[in-house]
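The values are calculated or read from the model by the stated rules, or taken from the named source; none is laboratory data. Quantities reported herein were computed from a predicted structural model and do not represent experimental measurements. Note: ideal-geometry Cβ built from the backbone for every residue, glycine included; neighbour counts use all protein chains shown. Surface areas here come from the heavy atoms of the whole protein model, side chains and all, with no ligands, DNA or RNA. Shrake-Rupley method; radii C 1.70, N 1.55, O 1.52, S 1.80 Å.
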Amino acid sequence: MGILFEDGNFALFRDGFLRTVELSLISGALALLLGVLLAAFRVSPVPVLRAFGTGWVTIFRNTPLTLLFLAVTFVLPRLEVHLPSFTLAVIALGSYTGSFVCEAIRSGINTVPIGQAEAARSLGLNFGQTLTSVVLPQAVRTAVPPLGSVFIALPRNSAIAGAFNVDEIFSVQQTWVDRGYSTIAIFCWIALAFLLISTVIAQLFRFLENRLAVAR
Amino acid sequence: MRTRRTIAAALSVLALTAVAACGKDGSPNAAQDTGSKLPTYQVKSDVKLDGSPTWKKAKARGNLIIGAKSDQPFLGFEDVAAKTRSGFDIEIAKMVAADLGFGPDQVQFQTVVSANRETSIAGGQIDYYVGTYTINDARKQKVSFAGPYMVAGQDLLVRKSNTDITGPDAMAGKNVCSATGSTSLARIDTYHGKPVKYDTYAQCVDKLLTDEVDAVTTDDAILKGFAAKNQGQLKVVGKPFSKEPYGVGLAKGDKVLQDAINAALKAHEDNGDWKKAYDATLGLSGASAEIPPLDAS
């Protein structure tokens, strides 16, 4: 178990860990933004927006994440789009996770009684106002548990970025394997890092759940 | 409702075809029509290696399971469509198998990626491994090696038009690509290059072809394979700056098998099979190689 404290391994581990956290936070923020927007599209009265939302979710939720990484990393340069690897990873992870966030929020919207929206409309609120001040605040509360699952999965999914030129924690594992350390010890340290990140997110969502819980 | 579903379906089909079509360009499709020139190996019939648990198990099973790489043109390459494997490593694996008493129809190859080599050998999933496996002390603690059967060295692969990358020292400040976790990658730092890393060397070569990296680095044997595959576009610089003795990996402590594989390598080096196999595979890139002295340790 001592491998963490041998020749420069700690710095490698720390940097990898921070990179994973950074990648998860930024793509998580993108996913949340995208997810809310897409959910709004999917319930909007405009057919084009609805089709766009449905198309996005269908494509990104059903494509293996590795394939998305491959597409952004190897197809974009052919279209003369050259971006840093970290940005590419954020795009792939954010678009993928965004589709899951959208569906979690839409499931929440579906739990809000239709009468709520009708009441809001009869008060003279337009679609945007109905959504932002009546439906979404209620929907998000119900969507917290499924959102928790989505965001716990995100850091674990981010491990794929290690294969695409991002120095995240999982790529540290490959370096250590090549240096010849014991597989079991490597596994323990990497697993511990992911467990730590997941636990923090789980606790955060538990806290949100308690704060936002509403008796129906 | 129905239109909505149709649109969604059409969109997803479109997207997937687009992705699939784009990927085609970078996928490995080495045309290796070398079958005619390859040597055939005399299978020994009176082999008895009862002191080797690995050999005994393989004999009882009736076939030999050999670990190999599948993505290295002219070294260890699998043509997935035709279900055939070709390359220099594959030939080494076959000539050793023949001397252990296993004919071509009794040899089964299994792709094992670099990171899983020690685990697969120690766990007995494969009987031995031939796939650009550098002999070093850290690995010797977990597995035993026969060989070396070839000595490669880290080199640089660049675009043919490139004239300013002439050797390792010219790496400074340049984007240099290698496979995640490899020793070659660690060495980029030493020469002050900017490391770029992907899962496979094929992906690095793709990045080199789209001008996103300046060079790809790993063992010259691997690079020569890619240069031969992309003739006219890429070249190997030709100044190796490390020594990578390639060995056959086998279960730690199986001295009887280790000696037998060493004897087999020696025999085929002496009778010219080694040279013939090299000429029909890596030799096609135009570069020659020397037979290294065996080192039984």
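The rows are residues; the columns are (1) out of contact with any Phe, Trp or Tyr (no Cβ under 8 Å at 6 or more places or on another chain); (2) within 14 Å of chain B (Cβ to nearest Cβ); (3) among the hydroxyl-bearing types (Ser, Thr, Tyr).
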site: A:124; (1), (2), (3): yes, no, no
site: A:141; (1), (2), (3): yes, no, no
site: A:144; (1), (2), (3): no, no, no
site: A:147; (1), (2), (3): no, no, no
site: A:172; (1), (2), (3): no, yes, no
site: A:175; (1), (2), (3): yes, yes, yes
site: A:182; (1), (2), (3): yes, yes, yes
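Restricting to segment A:15-36, give me the number of residues that are more than 12 Å from the chain's Cα centre (by Cα) and loosely packed, with under 14 Cβ neighbours inside 10 Å.
Looking only at that region, the number is 1.
Tell me, which helices (runs of 4 or more DSSP H) wholly within segment B:108-199 include 3 or more residues that are polar (S, T, N, Q) and within 27 Å of residue A:7 (Cβ to Cβ)?
Where helices (runs of 4 or more DSSP H) fall fully within segment B:108-199 and carry at least 3 residues being polar (S, T, N, Q) and within 27 Å of residue A:7 (Cβ to Cβ), they are B:183-190.
Counting just the residues of segment A:149-182 that are farther than 30 Å from residue A:110 by Cβ, of a type outside the set (S, T, N, Q) and open to solvent by 40 Å² or more (accessible area, probe 1.4 Å), which one comes out nearest to the chain's Cα centre (by Cα)? Let's see the steps before the verdict.
Step one: of segment A:149-182, the residues farther than 30 Å from residue A:110 by Cβ are A:159-182.
So of that shortlist, the ones also of a type outside the set (S, T, N, Q) come out as A:159-164, A:166-170, A:172, A:176-181.
Adding the requirement that they be open to solvent by 40 Å² or more (accessible area, probe 1.4 Å) leaves A:160, A:167, A:170, A:179.
On the way: A:160: 13, A:167: 19, A:170: 17, A:179: 32 Å.
Top of the filtered list is A:160.
Select from segment B:112-152 the residues that are more than 12 Å from every other protein chain (Cβ to nearest Cβ) and exposed (fewer than 15 other Cβ atoms within 10 Å of the Cβ) and list them in ascending order.
Result: B:124, B:125.
Taking segment A:15-69 on its own, how many of its residues are within 12 Å of chain B (Cβ to nearest Cβ) and either farther than 30 Å from residue A:196 by Cβ or basic (Lys, Arg) (or both)?
16
Would segment B:16-35 turn up any residue that is more than 14 Å from chain A (Cβ to nearest Cβ), surrounded by 13 or more Cβ atoms within 10 Å (Cβ to Cβ) and modelled with pLDDT of 55 or more?
Scanning segment B:16-35 turns up no residue that is more than 14 Å from chain A (Cβ to nearest Cβ), surrounded by 13 or more Cβ atoms within 10 Å (Cβ to Cβ) and modelled with pLDDT of 55 or more.
Considering segment B:47-93 alone, what residues qualify as being in a loop (DSSP other than H, G, I, E, B) and out of contact with any Leu (no Cβ under 9 Å at 6 or more places or on another chain)?
Passing the criteria: B:48, B:50, B:62, B:63, B:70, B:73, B:80, B:81, B:82, B:83.
Can you find a residue that is more than 14 Å from chain A (Cβ to nearest Cβ) and of a type in the set (Asp, Glu) anywhere in segment B:181-201?
No, segment B:181-201 contains no residue that is more than 14 Å from chain A (Cβ to nearest Cβ) and of a type in the set (Asp, Glu).
Counting only residues that are away from chain B (no Cβ under 14 Å) and open to solvent by 50 Å² or more (accessible area, probe 1.4 Å), which one in segment A:77-105 is nearest to residue A:57 (Cα to Cα)?
Ranking the qualifying residues of segment A:77-105, first place goes to A:100.
Might you check whether a residue that is aliphatic (A, V, I, L, M), within 14 Å of chain A (Cβ to nearest Cβ) and under 22 Å from residue A:186 (Cβ atoms) occurs anywhere in segment B:155-178?
No, because not a single residue in segment B:155-178 is aliphatic (A, V, I, L, M), within 14 Å of chain A (Cβ to nearest Cβ) and under 22 Å from residue A:186 (Cβ atoms).
Restricting attention to segment B:94-103, and to residues there that are open to solvent by less than 10 Å² (accessible area, probe 1.4 Å) and assigned to a helix (DSSP H, G or I), which single residue is farthest from residue B:221 (Cα to Cα)?
My answer is B:98.
Would you check which residues across segment B:55-92 are surrounded by fewer than 23 Cβ atoms within 10 Å (Cβ to Cβ) and hydroxyl-bearing (Ser, Thr, Tyr) and list them?
Those that are surrounded by fewer than 23 Cβ atoms within 10 Å (Cβ to Cβ) and hydroxyl-bearing (Ser, Thr, Tyr): B:70, B:84.
Please indicate, with yes or no, whether at least one residue in segment A:187-194 is within 14 Å of another protein chain (Cβ to nearest Cβ), farther than 30 Å from residue B:205 by Cα and either surrounded by fewer than 16 Cβ atoms within 10 Å (Cβ to Cβ) or more than 26 Å from the chain's Cα centre (by Cα) (or both). Give the steps one after another, and end with the answer.
Our first condition is that a residue be within 14 Å of another protein chain (Cβ to nearest Cβ); within segment A:187-194, this holds for A:187, A:190.
Checking the rest, the ones that are also farther than 30 Å from residue B:205 by Cα come to A:187.
Now drop any that are not either surrounded by fewer than 16 Cβ atoms within 10 Å (Cβ to Cβ) or more than 26 Å from the chain's Cα centre (by Cα) (or both), which leaves A:187.
So far as segment A:187-194 goes, yes, one or more of its residues are within 14 Å of another protein chain (Cβ to nearest Cβ), farther than 30 Å from residue B:205 by Cα and either surrounded by fewer than 16 Cβ atoms within 10 Å (Cβ to Cβ) or more than 26 Å from the chain's Cα centre (by Cα) (or both).
From the list A:137, A:146, A:45, which residue is open to solvent by 20 Å² or more (accessible area, probe 1.4 Å), modelled with pLDDT under 95, more than 30 Å from residue B:207 (Cα to Cα) and outside any helix (DSSP H, G or I)?
None of the other options fit; the residue is A:45.
Restricting attention to segment A:55-67, which residues are touching a helix residue (DSSP H, G or I) at 6+ places or on another chain (Cβ under 8 Å) and either open to solvent by 20 Å² or more (accessible area, probe 1.4 Å) or among the basic types (Lys, Arg) (or both)?
Hits for segment A:55-67 are A:56, A:58, A:59, A:60, A:61, A:62, A:66, A:67.
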